[in-house]
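Participant: First, the structure itself, so that you have it in front of you.
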Amino acid sequence: MKLSKEIKTAILVISGVLLFIFIFNYLKGENVFDASKKISAIYDNVEGLAPSAAVTINGHKIGKVQSIEFNGDGSGLLKVTMLIGDNFDFSVNSVAELYEAGLIGGKAIAIIPAFDGATLVQSGDVLTSTVKPGLTDLVNQRLTPLQEKIEKMMLSADLLLNNLNEVFDIQTKDNIKLSIAELSTTISSFKATSESLNELVSDNKSSIGETILNFNKISQDLTSVSKSLSESDLDSIMLNLKSTLSSFDNLLATIENGEGSIGKLMKDDSAYNNLNAATKQLEQLLEDMKLNPKRYVHFSLFGKKAKQYDANGNEIKTTKE
């Protein structure tokens, strides 16, 4: 059967239109010959997500993002349409999680499948959406509190510097400079003193050495004395000393109680008075012997009678018989 030119032209035009439609849809991410499912999810923000981004399950790519557009209800939410293969079935209760694919890899969508026995997902279904924080979000979460603390610290530091500026006026600064200068002078003096001490030590090394040797000898002697004391019978010595002190205490107690000659002498007034009177009479006797020795000592070769004297030392004359 021979086709006319008109039929050939019509077939060619229809084929071109169909090819154009196929290429157009393919460039949009649609394949008219592919039985992919078209599902969607709603997000508040899809920054970093682009059409043709991967859609994965457990890290395995099962589809791609077809389009990103506003939801159309005036809320500003974004509707992400995805094309996924029909070789894996999961529940409509599954979750479409937006995550960061890498530092420079943009974002992708991971399907967290649910196997709860609910209706399997079909084209046109809308999945629940979540957003997994990426590295940038985590860094921002950590840096935001740190930034606030740094701002507070900077404010406190600025306040402290202002207070320091108020405290350190011109007079205070001059005083500090003067103190530093005096400190430098003190350090110089200390350095000179240290040098003098070094010279003194250097000049007297021999004397210092002898002093140390003498000190060592004294230490050895003390060690010997300590050893001798430790080896001596200190217990018996202490017992004898204790006994002696006890006897002395008893003697003092006896004297205190007025017992014995010493006790009576110290406690009995009559004994003291008698002793005092006897002492006085002895003094008078010695004085009289000194004044009238002839009264007490008489010596005569011819038997001459001794003269008599009164209490005042005057001679008593007697009549002859």
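No lab work stands behind these numbers, since they all come straight from the coordinates. Predicted, not measured: the structure shown is a model, and the values here were computed from it. Neighbour counts are summed over all protein chains in view; Cβ atoms, including those assigned to glycine, are modelled from backbone coordinates with ideal geometry.
Participant: Over all directions, average the projected area of the Cα convex hull of the range 139-228 and note it in nm². Before the final figure, lay out each step's value.
Facilitator: Details: hull surface 63.6 nm².
Taking a quarter of the hull surface, the average projection is 15.9 nm².
Participant: Arranged from highest to lowest average of other beta-carbon atoms within 10 Å per residue, in what order do the peptides 188-198, 73-83 appear?
Facilitator: Highest mean packing first, the order is 73-83, 188-198.
Participant: Separate question: Any idea which of Ala53, Asn93, Gly117 is furthest toward the positive side of the dipole for the range 34-138, if Lys and Arg beta-carbons carry +1 and Asp and Glu beta-carbons -1?
Facilitator: The Cα lying farthest towards the positive end belongs to Ala53.
Participant: State the Kirkwood hydrodynamic radius of the range 34-138 in Å, one decimal place, computed from all pairs of distinct Cα atoms. List each step's numbers first, then the result.
Facilitator: Details: mean 1/r = 0.0720 Å⁻¹.
For the range 34-138, inverting the mean 1/r across all distinct Cα pairs yields 13.9 Å.
Participant: On to the next question. With label points built 7 Å along Cα→Cβ from the Cα atoms of Asn274 and Lys242, find their separation and express it in nm.
Facilitator: Taking the simple label geometry, Asn274 and Lys242 are separated by 4.2 nm.
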